[in-house]
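The values are calculated or read from the model by the stated rules, or taken from the named source; none is laboratory data. Keep in mind it's a predicted model, so treat the numbers as computed, not measured. Neighbour counts run over all protein chains shown; Cβ positions are idealised from the backbone, glycine included.
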Amino acid sequence: METTPPPACRKIIHIDMDAFYASVEQRDNPEYRGKPLVVGGLPQGRGGVVATASYEARKFGIHSAMPSKQALQLCPHALFVKPRFDVYKEVSRKIREIFSRYTDLIEPLSLDEAYLDVTLDKLGIGSALEIAKQIKQSIRDELQLTASAGISVNKFVAKIASDINKPDGLKFIGPSAIEVFMEKLPVEKFHGVGRVTAQKMKSMGLHTGADLKKLTEDELIKNFGKAGRFYYKIVRGIDERQVQPHRETKSLAAEDTFSYDLTSLEEMEAELTRIAQLVYSRSLKNNLKGRTITLKIKYSDFKQITRSQSFSMPVVSLEAIIATARQLLAATSPEGRQIRLLGISLSNFNEPVPVKQHEKATVQLKLSFGNFI
């Protein structure tokens, strides 16, 4: 029996829980229901960051990775609660039990998000759309939570589809509709296209997938590096990545390419703080605590370096990530240099680091010409 169908024949579902942490809190605490709720660091503390926000809070512009103090300014009457990761992890386990009724090909992306390959589903249902409906209903009936589902023939399109009708959304994009859908999609909706890249695309007159489609693969690579090869394929609905059931997160990272080169330490540290907030938020979402912090720097001449520092104990606070990243930056004597990209990654989630290495606070210089894994 063929266990790996051709990409065009796959049936992929992307399930994304709706405001997961906040929804669990509202489910368990009736007094939170219908109110703007923020889960994360408290605004009274130092370095508090929003892990997630209820849809009532999102109406005020509150979003994940935002400083909690800023969230409080946007919505002074918002309720702030600390995360209960033990509870979220147990709910996530029950959600995956529901998934496993239909397939063993499950690729978790975090506690609240996963890909499912239901090309050959266990129950012989045959329809990915019907399976997605049943999964959503089971989550509602058994856990009193809602999820959004996107269905298509590949991971990229399924993920975009799950975000279209949130919350409690359901969207199927069939093979014949993919190219037209991708052509109409605004460039900022392409996963992997950040704020700066989207601005660059628009400055080039590239506003939609149809605009990107006009460029050759070589032109896209010339303007956007190796990501251009990905854009060339995905705008045509091509994504051959398989669902990986045993995928293990090796690192969490965030980076940004700036619209102009940074030359002052003040600018660099401000950007590092923002990037660190993203990494910290992702570590909360994935319930992961790493022992190694890595700083990535790309200069205006495209020379790229990474510097890392490892600790004997997991890094548990945003402040620690920011402070370490700044120390690593300072060690490069950045003042006056032209920096076009900064990135931070958190890794070494499971492997213990020798105490001696922590005591020495070793900072290693590594030359690298690739992106974070």
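The table below lists the values:
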| item | result |
| --- | --- |
| Selection from segment 13-41 of residues that are touching a residue at least 60 places away in the same chain (Cβ under 8 Å) and either within 17 Å of the chain's Cα centre (by Cα) or not in a helix (DSSP H, G or I) (or both) | Ile13, His14, Ile15, Asp16, Met17, Asp18, Ala19, Phe20, Tyr21, Gly40, Gly41 |
| Filtered residue count, segment 210-232, keeping only those that are on the phi < 0 side of the Ramachandran plot and outside any helix (DSSP H, G or I) | 4 |
| Selected residue [over 11 Å from Asp16 (Cβ atoms) and either among the small types (Gly, Ala, Ser) or without any contact (Cβ under 8 Å) to a residue 24 or more places away in the chain (or both)] from Leu123, Leu129, Leu170, Leu116 | Leu123 |
| Count of residues meeting criterion [assigned to a helix (DSSP H, G or I) and either modelled with pLDDT of 50 or more or under 22 Å from Glu269 (Cβ atoms) (or both)] in segment 320-373 | 11 |
| Qualifying residue in segment 134-154 (condition: among the small types (Gly, Ala, Ser), outside the structural domain of Leu341 (by TED's automatic domain parsing) and without any contact (Cβ under 8 Å) to a residue 40 or more places away in the chain) | no |
| Leading residue by the ranking (surrounded by the most Cβ atoms within 10 Å (Cβ to Cβ)) among those in segment 7-33 that are at pLDDT below 95 and within 16 Å of Asp121 (Cβ to Cβ) | Arg10 |
| Selection status of Ile125, part of a helix (DSSP H, G or I), under 30 Å from Ile238 (Cβ atoms) and aliphatic (A, V, I, L, M) | no |
| Residue within segment 277-284 that is surrounded by fewer than 21 Cβ atoms within 10 Å (Cβ to Cβ) and without any contact (Cβ under 8 Å) to a residue 24 or more places away in the chain present | no |
| From Thr103, Thr4, residue being modelled with pLDDT under 95, more than 25 Å from Ile321 (Cα to Cα) and either within 19 Å of the chain's Cα centre (by Cα) or part of a loop (DSSP other than H, G, I, E, B) (or both) | Thr4 |
| Count of segment 129-173 residues which are β-branched (Val, Ile, Thr) and out of contact with any Ser or Thr (no Cβ under 9 Å at 6 or more places or on another chain) | 3 |
| Breaking point among (1) out of contact with any helix residue (DSSP H, G or I) (no Cβ under 6 Å at 6 or more places or on another chain); (2) assigned to a loop (DSSP other than H, G, I, E, B); (3) crowded, with 21+ Cβ neighbours inside 10 Å, for Gln44 | (3) |
| Selection count, segment 240-293, where residues are over 17 Å from Pro83 (Cβ atoms) and either among the charged types (D, E, K, R) or in contact with a Cys (Cβ under 6 Å, 6 or more places away or on another chain) (or both) | 14 |
| Count of residues meeting criterion [at pLDDT 95 or above and either surrounded by 16 or more Cβ atoms within 10 Å (Cβ to Cβ) or in contact with an Asp or Glu (Cβ under 9 Å, 6 or more places away or on another chain) (or both)] in segment 47-59 | 6 |
| Residue within segment 156-166 that is under 16 Å from Phe230 (Cβ atoms), assigned by TED's automatic domain parsing to the domain that holds Gly126, of a type outside the set (Asp, Glu) and in contact with a Pro (Cβ under 8 Å, 6 or more places away or on another chain) present | no |
| Restricting segment 76-91 to residues that are in contact with a Gly (Cβ under 9 Å, 6 or more places away or on another chain) and in a loop (DSSP other than H, G, I, E, B), the residue that is surrounded by the fewest Cβ atoms within 10 Å (Cβ to Cβ) | Lys82 |
| Count - residues of segment 183-194 that are outside any loop (DSSP other than H, G, I, E, B) and surrounded by fewer than 18 Cβ atoms within 10 Å (Cβ to Cβ) | 5 |
| Evaluation of Val180 against (1) surrounded by fewer than 18 Cβ atoms within 10 Å (Cβ to Cβ); (2) in contact (Cβ under 8 Å) with a residue 24 or more places away in the chain; (3) among the aliphatic types (A, V, I, L, M) (one fails), failing number | (2) |
| Leu252 touching a Lys or Arg at 6+ places or on another chain (Cβ under 9 Å) and in a helix (DSSP H, G or I) | no |
| Segment 92-103 residues that are of a type in the set (Lys, Arg), paired with ones that are in a helix (DSSP H, G or I) (beta carbon under 7 Å, 6 or more apart) | Lys94/Leu143 |
| Qualifying residue in segment 167-174 (condition: under 30 Å from Asn286 (Cβ atoms) and either at pLDDT below 90 or of a type in the set (Asp, Glu) (or both)) | yes |
